[in-house]
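Report on the structure given below.
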Amino acid sequence: MYRRGAPERDRFGNERPGKGEWQQVQVASWWVDRTDEKSGDSILRTIDLLHVHLRPEDAPTPDSQIRLPDGSQWQVEGNVEDYNHGWHGWAPGLVVVHARKVEG
């Protein structure tokens, strides 16, 4: 997982994300859903969706990236889904992270 570093200021005084580093984290499970675009601007575009279950303390921020063991890189989409606070008292101890990769 790529985590961004502390924000930096560029030469114009604007704040931008700092350089980060890749960190290896354990996950409970992950899978990929594949979607092919059949119409529109690019009929050769492939959009893959990655879903990952991991511990809340290892959850990425919305601007993070995930790298799988095969080297493919995915952009995290939105905030994590946390189901540890339901009315029923059941707490799985994991959060769900969604990421996307677009080719074509």
Which one of Arg34, Arg16 is under 18 Å from Gly104 (Cα atoms) and loosely packed, with under 11 Cβ neighbours inside 10 Å?
Arg34
Any idea which residue in the range 36-55 is farthest from Gln73 (Cα to Cα), counting only those that are hydroxyl-bearing (Ser, Thr, Tyr) and either assigned to a strand (DSSP E or B) or at pLDDT 65 or above (or both)?
Ser39
Please verify whether Glu21 is at pLDDT below 90, surrounded by 13 or more Cβ atoms within 10 Å (Cβ to Cβ) and either in contact with a Cys (Cβ under 9 Å, 6 or more places away or on another chain) or charged (D, E, K, R) (or both), treating the condition exactly as stated.
no
Checklist (1) out of contact with any strand residue (DSSP E or B) (no Cβ under 6 Å at 6 or more places or on another chain); (2) part of a strand (DSSP E or B) applied to His88, failing item:
(2)
Give just the number: which of (1) assigned to a loop (DSSP other than H, G, I, E, B); (2) touching a strand residue (DSSP E or B) at 6+ places or on another chain (Cβ under 8 Å); (3) of a type in the set (S, T, N, Q) does Gln24 not satisfy?
(2)
Of (1) among the aliphatic types (A, V, I, L, M); (2) surrounded by 12 or more Cβ atoms within 10 Å (Cβ to Cβ); (3) farther than 16 Å from Met1 by Cα, Leu44 satisfies all except one. Which?
(2)
Which of the numbered conditions does Val32 fail, given that it passes all the others? Conditions: (1) at pLDDT 90 or above; (2) within 15 Å of Val80 (Cα to Cα).
(2)
Here are some conditions: (1) farther than 22 Å from Ala6 by Cβ; (2) exposed (fewer than 11 other Cβ atoms within 10 Å of the Cβ); (3) out of contact with any helix residue (DSSP H, G or I) (no Cβ under 9 Å at 6 or more places or on another chain); (4) at pLDDT 85 or above. His98 meets all but one. Which one does it not meet?
(2)
Output the residue which, of all residues in the range 56-84 that are assigned to a strand (DSSP E or B) and either within 8 Å of the chain's Cα centre (by Cα) or surrounded by 13 or more Cβ atoms within 10 Å (Cβ to Cβ) (or both), is modelled with the lowest pLDDT.
Asp82
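The values are calculated or read from the model by the stated rules, or taken from the named source; none is laboratory data. Model, not experiment: these values are computed from the prediction. When we count neighbours, we look across all protein chains shown, and the Cβ atoms used for this are built from the backbone with ideal geometry, even at glycine.
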